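Colleague: So that we are looking at the same thing, I have put the structure below in C-alpha cells.
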Amino acid sequence: MRPVEVDEDFAAFVGAHQDKLQRAAFLLCGEREQARDLAQEALTRTAQHWSRVRHEMPLAYARRILYTAHVDQWRKTGPEVLTDGLPERSVGDDGSWAQSLTIRRALQQLPPRVRVVVVLRYFEDLDVATTARTLGIAQGTVKSQTSDGIRRLRELLSEVGTDA
C-alpha cells in the first residue's frame, strides 16, 4: 500500500463517522476488536481514494468497503468452526433473555398500549392481524405502535450502554 496523505476534509470525515462505522462493523461481526479492524480497513481504503470520493458520497463508499471487507473476511475464515463435540447450550437459549432486568425496565418505560403491542408482536410472536384482532384495533395502529415501540426501545437500550 502506498502512504496516504491525510487532509483536513478527510480528518473531519473520520471524526464525524468513525463511531458509526465501528457500530455497523460490530453489528456485522459481533466482536469489538474485529469491528475496530473492519472500520479501520474501511477508513484506510476510503483515504486511498479520497480525492475521487470526497465530493460524491464518502460515507456510502466507506460503508460499502466495510461490508465488502466483512464478507471477504467471512469467506476466508468461514462461518463455522468444526469441533469434535457439540457446544454446550448457552444460558440464553431458553428465552430467559426476555426476562432480563434491562429489557423489563425498558419495556416499563413504554406507554401501556405500545408496550402491549410490542410484547404481543415480539415476545408472543403474533402477527399484525392477530395482534390487531386481540386488541380490537386497526392493523395500521398495530404497525405504527410497533414502530414507535421498537424505536423507543432502541433508544432506551442504547442508553444502557453500547460502547461499540
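The values are calculated or read from the model by the stated rules, or taken from the named source; none is laboratory data. In this text the structure is predicted, and so the values were computed from the model without any measurement. Glycine also receives a Cβ, built like all others from the backbone with ideal geometry; neighbour counts cover every protein chain displayed.
Colleague: List the pairs whose first member sits in segment 132-160 and is over 21 Å from Ile103 (Cα atoms) and assigned by TED's automatic domain parsing to the domain that holds Leu120, whose second member is of a type outside the set (A, V, I, L, M, F, W, C) and in a helix (DSSP H, G or I), and whose Cβ atoms are under 7 Å apart, counting only residues at least 6 apart or on separate chains?
Modeller: Matching pairs, first to second residue: Ala132/Gln139.
Colleague: Shifting gears a bit: Scanning segment 111-149 for residues that are surrounded by fewer than 16 Cβ atoms within 10 Å (Cβ to Cβ) and under 30 Å from Leu21 (Cβ atoms), which turns out modelled with the lowest pLDDT?
Modeller: Per the stated criteria, the residue is Tyr122.
Colleague: Further question: Applying the selection to segment 48-75, what residues are modelled with pLDDT of 75 or more, basic (Lys, Arg) and farther than 16 Å from Gln22 by Cα?
Modeller: Arg52, Arg54
Colleague: Here is a follow-up. Could you list, in sequence order, the residues of segment 46-56 that are surrounded by fewer than 20 Cβ atoms within 10 Å (Cβ to Cβ) and within 19 Å of Gln73 (Cβ to Cβ)?
Modeller: Of everything in segment 46-56, just one residue is surrounded by fewer than 20 Cβ atoms within 10 Å (Cβ to Cβ) and within 19 Å of Gln73 (Cβ to Cβ), namely Gln48.
Colleague: Then there's this: Which condition does Glu33 not pass, out of (1) surrounded by 13 or more Cβ atoms within 10 Å (Cβ to Cβ); (2) more than 19 Å from Ser158 (Cβ to Cβ); (3) within 19 Å of the chain's Cα centre (by Cα), if it passes all the others?
Modeller: Looking at each condition in turn, Glu33 falls short on (1).
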